[in-house]
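Where a number appears in this text, it was derived from the coordinates with a stated rule and is not lab data. Predicted model only: the values in this text are computed from it and were never measured. A quick note on method: Cβ atoms are made from the backbone with ideal geometry, for glycine too, and the neighbour counts reach across all protein chains shown.
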Amino acid sequence: MVSVLIAGASGMIGTALHAALSDGGHHVHTLVRRDPRGPREHQWRPEAGEIDSGIVSHVDVVVSLSGASLSRIPWTNAHKDSVLYSRLAATNTLVSAIRSSATPPSLLVQGSAVGFYGDRGDESLSEEDGRGDGFLADVVVAWEGAAHVAASEKTRVAYARTGLVVGKSGAMAPLRLQTILGVGGRIGSGKQWWPWISLHDEIRALTHLITHDSAQGPFNLVGPTPATSAEITKELARLMRRPHLIGLPGFVIRGLLGEAGVALLLSSQNIRPDRLLESGFTFDDEKVASALDRMLSN
């Protein structure tokens, strides 16, 4: 069993990870901005670089999932600044605490994103491939770069590059609503690859990294069977017994959502979880149909 400190424990992934680790018998601590409500809550103010002194010295692993949401539309210049600043402030605060600790944690799991790869069409991508272009790629490079400073002989750093998480909230919520209303259909051409992972396997993969004795470097947290956006929306409609006819043309997405719509909905990323599989991880939801069915059943 390990002791884990989670930053960003109130989001969809953080909440589920907290529950799974606790159920597994691990000792879980969280960072909160409000006054702590128990001995396993610890206050921090990342925008000021402040954190409850000494907490990182008493845990085995730090998991950083903190950052402003990408789903706030449109991406104004102010919000883009917030997306980058919030991630760097949180990461820099944790890294500073780790580096100044006499007994630092053995591992920092840094939440990251497949946005690192940019829009790559049909190109098959693994962790060996380089960065792409665009705002999200710039954010991820800066984010991972800030986390890398924590690396030392005592502390490993692993980057969890997560794709579209198939869960009831987050990016799937508007797709479910669109389908419920009977206006589901292709998003753009429907040919773009969406690197998906079930929330169930996302949490299992993060737990695998947390408990693995040599996890280090980038890991693509995406399902092992690639799927296009049309395949995902069509399967969602089938499982919900709703039509798949209307959808949203690319020009509508560009007009209504601008840069955010292009980056989040129209970009194509055919990504493989090579290093995750090589580390011994096995998926419970190997195909997107299984992930969608699990989401709708829970």
Quiz item: In which sequence would 285, 35 go, from the one with the fewest C-beta neighbours within 10 Å to the one with the most?
Solution: 35, 285
Quiz item: Over the chain, what is the percentage of antiparallel beta bridges among all DSSP beta bridges, to the nearest 5?
Solution: 10 percent
Quiz prompt | Helix axis angle, 12-23 relative to the chain longest principal axis, alpha carbon, degrees | solution = 50 degrees
Quiz item: What full-extension length gain, to one decimal in nm, is calculated for residue 297 and residue 126 as 0.36 nm per residue of separation minus the Cα-Cα distance?
Solution: 58.5 nm
Exercise. Order by neighbour count: 2, 109, fewest other Cβ atoms within 10 Å first, most last.
Key: 2, 109
Exercise. Quote the FRET efficiency, to the nearest 0.05, computed for residue 78 versus residue 240 with a Förster distance R0 of 35 Å and r equal to the Cβ-Cβ distance.
Key: 0.45
Exercise. With just the Cα atoms of segment 16-117, tell me how far they stretch along each of the three principal axes, in Å, largest first.
Key: 40, 30, 30
Exercise. Determine, for 10, 53, the number of other Cβ atoms within 10 Å of each Cβ, and report the residues in order from fewest to most.
Key: 53, 10
Exercise. Go through 110-121, 85-96 and give me the packing order, highest mean Cβ count within 10 Å leading.
Key: 110-121, 85-96
Self-check item: Under 20 Å from the Cα of residue 234 - lysines, other chains or at least 8 residues apart
Solution: 168, 191, 287
Practice problem: At 0.36 nm per residue, minus the direct Cα-Cα distance, what do residue 45 and residue 133 gain on full extension? Give it in nm, one decimal, please. | Solution: 28.5 nm
Quiz item: What's the FRET efficiency of residue 53 with residue 251 using the Cβ-Cβ distance as r and R₀ = 51 Å, to the nearest 0.05?
Solution: 0.45
Quiz item: Each residue of segment 84-101 in order: what ³J(HN,Hα) in whole Hz does its phi give by Karplus 6.51 cos²θ - 1.76 cosθ + 1.60, θ = phi - 60°, with x for Gly and Pro?
Solution: 6, 4, 4, 6, 5, 5, 5, 5, 4, 5, 5, 4, 4, 5, 5, 5, 8, 7
Quiz item: Farthest toward the dipole's positive end in segment 3-297, which of 159, 180, 20, given Cβ charges of +1 (Lys, Arg) and -1 (Asp, Glu) about the Cα centre?
Solution: 180
Exercise. Taking the Cα centre of segment 3-297 as origin, work out the dipole magnitude from +1 charges on Lys and Arg Cβ and -1 charges on Asp and Glu Cβ, in debye rounded to 20.
Key: 920 debye
Quiz prompt | Label corresponding to Cα extents along the principal axes in Å when calculated from the structure given, among (i) 48, 44, 42; (ii) 59, 39, 39; (iii) 98, 42, 33 | solution = (ii)
Self-check item: Calculated [θ] (222 nm, deg cm²/dmol) that DSSP helices of n ≥ 4 give over the chain, each run adding -39,500 (n - 2.57)
Solution: -11500 deg cm²/dmol
Quiz prompt | Rel. contact order, % - alpha carbon contacts under 8 angstrom, at least six apart, the chain | solution = 19 percent
Quiz item: Each label point is 7 Å from the Cα along the Cα-to-Cβ direction; what then is the distance between the points at residue 85 and residue 173, in nm?
Solution: 2.4 nm
Quiz item: Applying the Karplus parametrisation 6.51 cos²θ - 1.76 cosθ + 1.60 with θ = phi - 60° to the phi angles of segment 218-230, what ³J(HN,Hα) value in whole Hz is obtained for each residue in order, glycine and proline being reported as x?
Solution: x, 9, 7, 8, 9, x, x, 10, x, 9, 7, 5, 5
Self-check item: GluC sites (Glu not before Pro) restricted to DSSP loop in segment 94-169 with at most 15 other C-beta within 10 Å
Solution: 123, 128, 153
